[in-house]
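The values are calculated or read from the model by the stated rules, or taken from the named source; none is laboratory data. These numbers were taken from a predicted model, which means no experiment stands behind them. Cβ sites come from the backbone with ideal geometry, for glycine too, and all protein chains shown count toward neighbours. Areas reflect the complete protein model, heavy atoms only, side chains present, ligands, DNA and RNA absent. Shrake-Rupley method; radii C 1.70, N 1.55, O 1.52, S 1.80 Å.
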Amino acid sequence: MSAVYTVESQTLPIEAPTEPSSFEFVSVRETIGLILALTLVPAILIALKNISGPWSDMLDKNFTLRQMPENIQREILGILMVPVAGLVVVFTRVSLGLRVLGPFRSILLAIAFHATGVVLGCVFLVITTAIVVFLREPIVLLRLPYFGRITIMLSITAAMMTVGTLASTWLDWRLLQGIAYFPIVVLCLVGDAFARTKNREGIRSALFRGLMTALVAVLLTGLIGMQVVRDALLAYPEILLTQIAGIVFLCKFCGWRCFAFLNPSAVTEDEEEEEVEEFEPVFKSS
C-alpha cells in the first residue's frame, strides 16, 4: 500500500514500509544441523548408559523406565509407541506416496487392533464403516450442524458395539466380547472420514485409502507387539528425539512418493490446503 506526499508542488508516491514476516523458513544447512542434533543427543545418552562408569548408573536409574511398576510401563509404552507409529505413517504418505485417511487414524486403529485382535478388529471396522456410510446421508438430510451429525454417528456406533457384545452371549462366542475394547471414537472417526472421502473423491478412492489405512494399522500393530521394540523404548526413551529427526529427514529429503501412481485419485486442493494452512500468512506475504 502506498502513500502520496506533496513536495514543492510535486506529487511523489512513496511506498509504505512493509512489516517483516514473523516466520523465516529454516535453511537446508540449519535443517541438517537440527537432524544431527536430534540424533547425536540420544546416541550419546545410549552410549553412556552402556559404558560402565559413574554416568551409566546415574543415567540407568534416572533416564530409563524399566524401574517403573508394570502397570505404569504398559501405559507409558502406549504413549511412546504413538510417535514411533507416526514415523511409519509419514514414510507411507511422504516417501511411498500412498494416501490414507489422515495422519492419525492408522495409529488409532493400531491401538484398537492391539486391544481387540487384528481379525476381529478389521471385521468389525468394515461392518461399522459400511453402516456409517449408509446412514450418513439420511442424517445429513436432517440439516443438523456438524456437532449434531457426528454425535449421532457416535451414538449409532455405541449401539452397534453394544449389540455386538450382547451377540457374544446369544451365540455363545466369547471372542465377540473383544468388541468392547475397541475405542468407540476411533470407529466413528474412520467411518466418517471414509464417508466424506467417498462423497468427495468417489468410492474407488475411499476404498483404496481405507485399505491403506487398515494395512498400515496392521503393520503398526505388529510393531507394537514386538518385544524388542518395547524393551528398547523402556530402556532408551530418548529414542523419541531420533524419531523427530526421522520425520524431519523424511519430509525434507525423502519425498519420493514412489507409488503415488497407485492412488485412484490425485491429491485434492483441500488436502493441500490442510498441509499449508498454518503457514498461509507467510505464503501471502512472500
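Filter the stretch 147-167 down to the residues that are among the β-branched types (Val, Ile, Thr), open to solvent by 60 Å² or more (accessible area, probe 1.4 Å) and over 16 Å from residue 189 (Cβ atoms) and list them by number. Passing the criteria: 162, 163. Candidates 216, 185: the one that is closer than 30 Å to residue 34 by Cβ and part of a helix (DSSP H, G or I) is 216.
The single condition among (1) within 30 Å of residue 91 (Cβ to Cβ); (2) surrounded by fewer than 18 Cβ atoms within 10 Å (Cβ to Cβ) that residue 141 does not meet is (1). Taking every residue in the stretch 89-109 that is in contact (Cβ under 8 Å) with a residue 12 or more places away in the chain and buried (at least 19 other Cβ atoms within 10 Å of the Cβ) and pairing it with any residue that is part of a loop (DSSP other than H, G, I, E, B) and aromatic (Phe, Trp, Tyr), at least 6 positions away or on another chain, the pairs with Cβ-Cβ distances below 7 Å are 98/259. Screening 204, 196, 136, 200 for residues that are among the charged types (D, E, K, R), touching a helix residue (DSSP H, G or I) at 6+ places or on another chain (Cβ under 6 Å), at negative phi and in a helix (DSSP H, G or I) leaves exactly one candidate, 136. Taking the criterion of being without any contact (Cβ under 8 Å) to a residue 60 or more places away in the chain and not in a helix (DSSP H, G or I), the residues of the stretch 165-182 that qualify are 171, 172, 173.
Exactly one residue out of 24, 70 is among the acidic types (Asp, Glu) and modelled with pLDDT of 90 or more: that is 70.
Residues of the stretch 49-78 that are of a type in the set (A, V, I, L, M) and either closer than 28 Å to residue 250 by Cβ or open to solvent by 90 Å² or more (accessible area, probe 1.4 Å) (or both): 51, 65, 76, 77. Only a single item in (1) without any contact (Cβ under 8 Å) to a residue 12 or more places away in the chain; (2) not in a helix (DSSP H, G or I) is not met by residue 264, and it is number (1).
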